[in-house]
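Quick notes on the structure that follows.
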Amino acid sequence: MDRALASRYLAAVLMVCAGGCATDFDQRLEETQRLRLDAAARGYEWIGTEGLLEQARERAAGGDTGAALVLVEQARFQAEAALQQAERESEAWKRRVVK
């Protein structure tokens, strides 16, 4: 499944969620924030991740929890990708050093 299709599927599934999503949103937001901070501590935070989380908070505050969850999932994807990038680069730099 490509990323665009996965995003649309996730959005459709999350839109079904109504009032009971607040707790799930808070939990997912907190988990994603931890991932973002971990990536930042390693020097690999992606530039758009924090903005997505801020947009998610704004949407949740406005009562649109479904859209907020979609934004959190996009931020989570970026945070996880940044951590994967950090992991790859922790070894890859050695191959680029002139011997």
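The values are calculated or read from the model by the stated rules, or taken from the named source; none is laboratory data. Keep in mind it's a predicted model, so treat the numbers as computed, not measured. We place every Cβ from the backbone using ideal geometry, glycine too, and count neighbours over all the protein chains shown. Calculation scope for accessible area: heavy atoms of the full protein, side chains included, ligands and nucleic acids excluded. Shrake-Rupley method; radii C 1.70, N 1.55, O 1.52, S 1.80 Å.
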Within region 71-99, the count of residues that are open to solvent by 30 Å² or more (accessible area, probe 1.4 Å), in contact (Cβ under 8 Å) with a residue 40 or more places away in the chain and either of a type in the set (Gly, Ala, Ser) or farther than 30 Å from residue 25 by Cβ (or both) comes to 1
Of those in region 53-89 that are within 22 Å of residue 38 (Cα to Cα) and small (Gly, Ala, Ser), the residue nearest to the chain's Cα centre (by Cα) is 75
Answer with yes or no whether residue 48 is at pLDDT 75 or above, within 13 Å of the chain's Cα centre (by Cα) and open to solvent by less than 70 Å² (accessible area, probe 1.4 Å).
yes
Look at region 51-70 and say how many of its residues are open to solvent by 60 Å² or more (accessible area, probe 1.4 Å) and in a helix (DSSP H, G or I).
6
